[in-house]
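Trainee: Below: one structure in structure tokens.
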Amino acid sequence: MRVAMVRKRLVELKARIDDIDETRRKVLGLGGRHLATVRQVDTYFRNVAGRLKLRVSDGRAKLIYYLRPDVPGIKGSDVRIAELASWRELERALSETLGVYSRVRKTRELYSLMGVEVHLDTVDGLGSFLEFELEVAEGEEEDGRRLLEELALKLGIKKEQFIAVSYSDMVAELG
């Protein structure tokens, strides 16, 4: 199995949105550029700290581990991503050894806006969400937070829409 590992530091924001079409128009109106629309299945595994998921999209897979606080609003996230050439055996091994916590199925529209990766997600069983992800270098996290706050304001996203937890936790609560 060929594996390429990447480490990233992100600042992120996740919010529930009522009207994905309106949010899309606003993103495009601010100069956002549509990059892709993909169908993703994220399988989250039980583990001791952080979150471990296998993301499969268009026949390709990434094993992603991330550690971030479960608080509403903008938060930092330490991420490790392994690109996988062959993933079915790994999924089986992780499922059997760690157990599956939840499986999230979503359609994700990816946009680029002011250097921020914007996700408009339609999550099966949960509804519509907006996510901002911005990769930051050490010492640049506060500037990144300000940029995400500015974008949220421009898109009309209010603090009461902010989501503290992962989609995995929301799906797990559904049973």
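The values are calculated or read from the model by the stated rules, or taken from the named source; none is laboratory data. This one's a predicted model, so the numbers in the text were calculated from it and none came from an experiment. Here the Cβ is made from the backbone with ideal geometry for all residues, glycine too, and neighbour counts use every protein chain on show.
Trainee: Just give me the residues in the range 4-54 being farther than 21 Å from residue 129 by Cβ, touching a residue at least 24 places away in the same chain (Cβ under 8 Å) and exposed (fewer than 11 other Cβ atoms within 10 Å of the Cβ), in sequence order.
Mentor: If the condition is that a residue be farther than 21 Å from residue 129 by Cβ, touching a residue at least 24 places away in the same chain (Cβ under 8 Å) and exposed (fewer than 11 other Cβ atoms within 10 Å of the Cβ), then 4, 5, 7, 31 are the ones that fit.
Trainee: Does the range 113-139 hold any residues that are within 13 Å of residue 32 (Cβ to Cβ), over 14 Å from the mean Cα position of the chain (by Cα) and assigned to a strand (DSSP E or B), and which are they?
Mentor: First pass over the range 113-139, keeping only residues within 13 Å of residue 32 (Cβ to Cβ): 113-120, 130, 132.
Subsequent filtering for residues that are over 14 Å from the mean Cα position of the chain (by Cα) retains 113-115.
Across the range 113-139, the qualifying residue is only 113.
Trainee: Please state which one of 120, 110 is in contact with a helix residue (DSSP H, G or I) (Cβ under 7 Å, 6 or more places away or on another chain) and not hydroxyl-bearing (Ser, Thr, Tyr).
Mentor: Values: 110 fails: in contact with a helix residue (DSSP H, G or I) (Cβ under 7 Å, 6 or more places away or on another chain).
When all the criteria are applied, what remains is 120.
Trainee: Of these, 103, 92, which one is over 26 Å from residue 28 (Cβ atoms), free of Cβ contacts under 8 Å to residues at least 60 places away in the same chain and not β-branched (Val, Ile, Thr)?
Mentor: Values: 103 fails: free of Cβ contacts under 8 Å to residues at least 60 places away in the same chain.
Exactly one of 103, 92 is over 26 Å from residue 28 (Cβ atoms), free of Cβ contacts under 8 Å to residues at least 60 places away in the same chain and not β-branched (Val, Ile, Thr), namely 92.
Trainee: Here is a follow-up. Restrict the check to the range 107-127 and report whether at least one residue is among the basic types (Lys, Arg) and surrounded by fewer than 17 Cβ atoms within 10 Å (Cβ to Cβ).
Mentor: There is no residue in the range 107-127 that is among the basic types (Lys, Arg) and surrounded by fewer than 17 Cβ atoms within 10 Å (Cβ to Cβ).
Trainee: A follow-up question, please. If you check every pair at least six apart or on different chains, which have Cβ atoms under 8 Å apart with a residue in the range 149-160 that is assigned to a helix (DSSP H, G or I) first and a residue that is basic (Lys, Arg) second?
Mentor: Listed by first residue and then by second, the contacts come to 154/26.
Trainee: Looking only at residues in the range 64-80 that are over 23 Å from residue 161 (Cα atoms) and either in contact (Cβ under 8 Å) with a residue 40 or more places away in the chain or in contact with a Pro (Cβ under 7 Å, 6 or more places away or on another chain) (or both), which one is surrounded by the fewest Cβ atoms within 10 Å (Cβ to Cβ)?
Mentor: Here is the first cut: in the range 64-80, the residues over 23 Å from residue 161 (Cα atoms) are 64-65, 78-80.
When the remaining residues are screened for being either in contact (Cβ under 8 Å) with a residue 40 or more places away in the chain or in contact with a Pro (Cβ under 7 Å, 6 or more places away or on another chain) (or both), the result is 78-80.
Numbers: 78: 13, 79: 19, 80: 15.
Across the range 64-80, the extreme among qualifying residues is 78.
Trainee: Just to be sure, is residue 85 over 21 Å from residue 171 (Cα atoms), exposed (fewer than 15 other Cβ atoms within 10 Å of the Cβ) and modelled with pLDDT under 95?
Mentor: Judged against the criteria, residue 85 is a match.
Trainee: Working carefully through the options 92, 146, 105, find the one that is basic (Lys, Arg), closer than 29 Å to residue 56 by Cβ and modelled with pLDDT of 95 or more. So that I can check it myself, show each step before the final result.
Mentor: Details: 92 fails: modelled with pLDDT of 95 or more; 146 fails: closer than 29 Å to residue 56 by Cβ.
Exactly one of 92, 146, 105 is basic (Lys, Arg), closer than 29 Å to residue 56 by Cβ and modelled with pLDDT of 95 or more, namely 105.
Trainee: Moving to a separate point now. Could you tell me which numbered condition residue 155 fails, if it satisfies all but one of (1) under 16 Å from the mean Cα position of the chain (by Cα); (2) under 13 Å from residue 18 (Cα atoms)?
Mentor: (1)
Trainee: I'd like to verify a number: residues in the range 120-135 that are in contact with a Lys or Arg (Cβ under 6 Å, 6 or more places away or on another chain) and either charged (D, E, K, R) or at pLDDT below 95 (or both), how many?
Mentor: Number of matching residues: 4.
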